[in-house]
Amino acid sequence: MSKINKELRFTGFGGQGIILAGYITGKAAAIYADLYATLTQNYGPESRGGASSAQLIISDEPIFYPNITRPDILVAMSQEGYSKYKDELKPGGIMLIDEDLVKISDAKGANVKIARIPATRLAEQLGKKMVANIVMLGFTNGQTKILPRKAMEEAIKTSVPPVSIELNMQAFDMGFRYKG
């Protein structure tokens, strides 16, 4: 029986690096943590500004159905994404939000753990708003411990342009260590 079988959904708007966040997490699982992973993605009608999401399954056994059914983890970086997917989160799941971009209107009762981080604001403090997705990845990894930190770091280093590795590693560390 599988010891690890987690479904994750990253959601936000185009231009936030939502698909990259899913890709990095899947790469960390499949290449650097020796697990199985599937990634599917959805884009809104526009590439920038429209809704986007990345769905990821991580397991220690082969995955035969690539689509998530009820995510264990929802990472929401836009109000639209939160509103669209909040009710799909599994009871007992974890919802991670960018608190400056997502306002929770109904906390779904005590069935869900909610963790908040000002990911975009922290990225701006680093000088590049575009690394908010990596701040959020660090926060997600720090809160959930789904994958070893080292696996995530290696996946980031091999997925971003060489000139931005240092900035992305700072962003990941900032999110990982964020306590609120």
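Odds and ends about this structure:
- Residue pairs whose Cβ atoms lie under 7 Å apart, separated by 6 or more positions or on different chains, with the first residue in the stretch 142-168 and closer than 19 Å to Ala119 by Cα and the second open to solvent by 50 Å² or more (accessible area, probe 1.4 Å) and assigned to a helix (DSSP H, G or I), are Gly142/Arg177; Ile165/Lys157.
- Residues that are more than 18 Å from Pro148 (Cβ to Cβ), hydrophobic (A, V, I, L, M, F, W, C) and either in contact with an Asp or Glu (Cβ under 8 Å, 6 or more places away or on another chain) or modelled with pLDDT of 95 or more (or both) within the stretch 58-70 comprise Ile63, Ile68, listed in sequence order.
- Of the criteria (1) β-branched (Val, Ile, Thr); (2) open to solvent by less than 30 Å² (accessible area, probe 1.4 Å); (3) under 23 Å from Ile156 (Cα atoms), which one Ile31 fails: (2)
- Residue match in the stretch 159-180 (condition: aromatic (Phe, Trp, Tyr), in a helix (DSSP H, G or I), touching a helix residue (DSSP H, G or I) at 6+ places or on another chain (Cβ under 7 Å) and open to solvent by 10 Å² or more (accessible area, probe 1.4 Å)): yes
- Only a single criterion out of (1) open to solvent by 10 Å² or more (accessible area, probe 1.4 Å); (2) β-branched (Val, Ile, Thr); (3) farther than 16 Å from Leu56 by Cβ is not satisfied by Ile146, namely (3).
- Residues within the stretch 59-106 that are part of a strand (DSSP E or B) and either farther than 25 Å from Leu122 by Cβ or open to solvent by 60 Å² or more (accessible area, probe 1.4 Å) (or both), tallied: 1
The values are calculated or read from the model by the stated rules, or taken from the named source; none is laboratory data. Small disclaimer: the values here were computed from a predicted structure and weren't measured. Ideal geometry is used to build each Cβ from the backbone, glycine not excepted, and the neighbour counts take in all protein chains shown. Please note that ligands, DNA and RNA were not included when accessible areas were found on the heavy atoms of the full protein model with its side chains. Shrake-Rupley method; radii C 1.70, N 1.55, O 1.52, S 1.80 Å.
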